[in-house]
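Down below is the structure, laid out as structure tokens.
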Amino acid sequence: MSHHDLLCDPHVHLSRRTLLGAGAGGAMLSTIAHQLAWADAVGATESSRPKNVILLWLEGGPSQLETFDPHPGSAIGGEVKAIPTSVPGLQIADTLPRVAEKMHLGSLIRSVTSKEGDHQRAIYNIKSGYRPDPTLVHPSIGSILCHEFPEQLDIPRHISILPQNAPARGGYLGPVYDAFKIGDPQNPVPDLKSPIAADRFDRRMKDLQWLEDRFRRQRLRDLDQNRTLHQSSTDAALRMMSSEQVSAFDVSSESKQTLERFGQTPFGRGCLAATRLIGAGVRCVEVTLGGWDSHITNHSLQSARCEILDAALAALLDRLVEQDLLETTLVVCGGEFGRTPQINPAEGRDHWPHGFSTFLAGCGIRKGGLYGATAADPKLDPDKPLADVASPITIGDLHATILSTLGVPYHEERQTPIGRPLKISEGEPVGAVLA
């Protein structure tokens, strides 16, 4: 019996460089235009409420034993204790007391497995669903979602907050599907306001238009003009600069109580901004919390990260419920791999892709679910690493599960720029965690 049958109880590409930098006003526009160029190449919106996703990306490799899969009292358990959650019989680490009260909102998978133990390769794998391929760059979840469901918005529909080493990419779908990157939401998004007077800005835009027209006459006579996206990029940037939707980035209008609820940290503010952006129509927001790579002093490092995560994740789930957004928004919380069951001589845990945890909540996800398990007394046979994991699932299966809840036809093929057919996902959804 496959793990899918096991149920736990309770198209566009930039053809050449943009002309934005050629005009005097181009420097200001070019920083935002690249991610917005999709705006004029979109079609009709869905008739039903769209599905969205918030990815809480724990970069560095959070320890499953110090977060969602504790084994207190065992040889591998470390210093954490297990506490009850809002799901009867389910316990998680005492480092996440507020999250423990929200576990009924989603499903916990404790048996994610990967073949990648290097940070960069593992990040690529879990964000795209594919292992790295030197001949191709695969798109991330948010890029796929925006590509499959095109629509127009004044602000980007795919956003990465606090990106670190590997922000989400459009891959073979094109750079127009790359995530729009911003830092701590307590700071304004750069380059949205003109540093010069309006009349001077208008003159510069007229100069830029002259260059666009000249380029079009000389270079695009026999080409499909839609493939250049020159004018689309400029128009999209100008729409964003003048749109009221940009207020969704600004968390300063929130009450002090709300800010404290999420935690007065960049990650907490990022999670708060994510709820605002989803409410404004953004399809995918990725918020990164780094610092999980605990090769030394594992317990203190993981505990400090968990304190930040605990407040932000719990508040994010509450906010989505309060605003009637959780039923249409998938929340994914996890990292590129877990940490070793053994504690090394430096009191740390090393990389471990053989049985780690991911939490899913929201649209299409079973509430109060638990899937998979890891052994409290693992044999740690290097030739059979999955022998200590019950009902293991692959990264491809996790990817297919996420995409299926978002309404993406994960089993279909799409063509790469060279005409190579490639499945959106090479896995199958885990039915046990689906509603």
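The values are calculated or read from the model by the stated rules, or taken from the named source; none is laboratory data. This is a predicted model, so every value here is computed, not measured. Cβ coordinates were reconstructed from backbone atoms using ideal geometry, including for glycine residues, and neighbour counts include every protein chain displayed.
Here are the numbers for this structure:
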quantity: Segment 179-188, subset part of a loop (DSSP other than H, G, I, E, B) and surrounded by fewer than 23 Cβ atoms within 10 Å (Cβ to Cβ), residue modelled with the lowest pLDDT; calculated: Pro188
quantity: Selection from segment 83-112 of residues that are within 19 Å of the chain's Cα centre (by Cα) and not aliphatic (A, V, I, L, M); calculated: Gly106, Ser107
quantity: Selected residue [among the β-branched types (Val, Ile, Thr), farther than 24 Å from Asp310 by Cα, out of contact with any Pro (no Cβ under 9 Å at 6 or more places or on another chain) and not in a loop (DSSP other than H, G, I, E, B)] from Ile123, Ile54, Ile144; calculated: Ile144
quantity: Breaking point among (1) surrounded by fewer than 22 Cβ atoms within 10 Å (Cβ to Cβ); (2) at pLDDT 95 or above; (3) of a type in the set (Val, Ile, Thr), for Thr85; calculated: (1)
quantity: Val80 under 30 Å from Leu325 (Cβ atoms) and either modelled with pLDDT under 95 or among the aliphatic types (A, V, I, L, M) (or both); calculated: no
quantity: Boolean, Ser143 is over 13 Å from the mean Cα position of the chain (by Cα), modelled with pLDDT of 95 or more and hydroxyl-bearing (Ser, Thr, Tyr); calculated: no
quantity: Residue satisfying all of: in segment 338-373; part of a strand (DSSP E or B), touching a helix residue (DSSP H, G or I) at 6+ places or on another chain (Cβ under 6 Å) and not hydrophobic (A, V, I, L, M, F, W, C); farthest from Ala274 (Cα to Cα) among these; calculated: His354
quantity: Number of the exception - Phe356 against (1) in contact with a Pro (Cβ under 9 Å, 6 or more places away or on another chain); (2) surrounded by fewer than 24 Cβ atoms within 10 Å (Cβ to Cβ); calculated: (2)
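Okay, residues lined up against (1) surrounded by fewer than 19 Cβ atoms within 10 Å (Cβ to Cβ); (2) touching a Leu at 6+ places or on another chain (Cβ under 6 Å); (3) not in a loop (DSSP other than H, G, I, E, B):
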| position | (1), (2), (3) |
| --- | --- |
| Leu316 | no, no, yes |
| Leu320 | no, yes, yes |
| Val331 | no, no, yes |
| Glu336 | no, no, no |
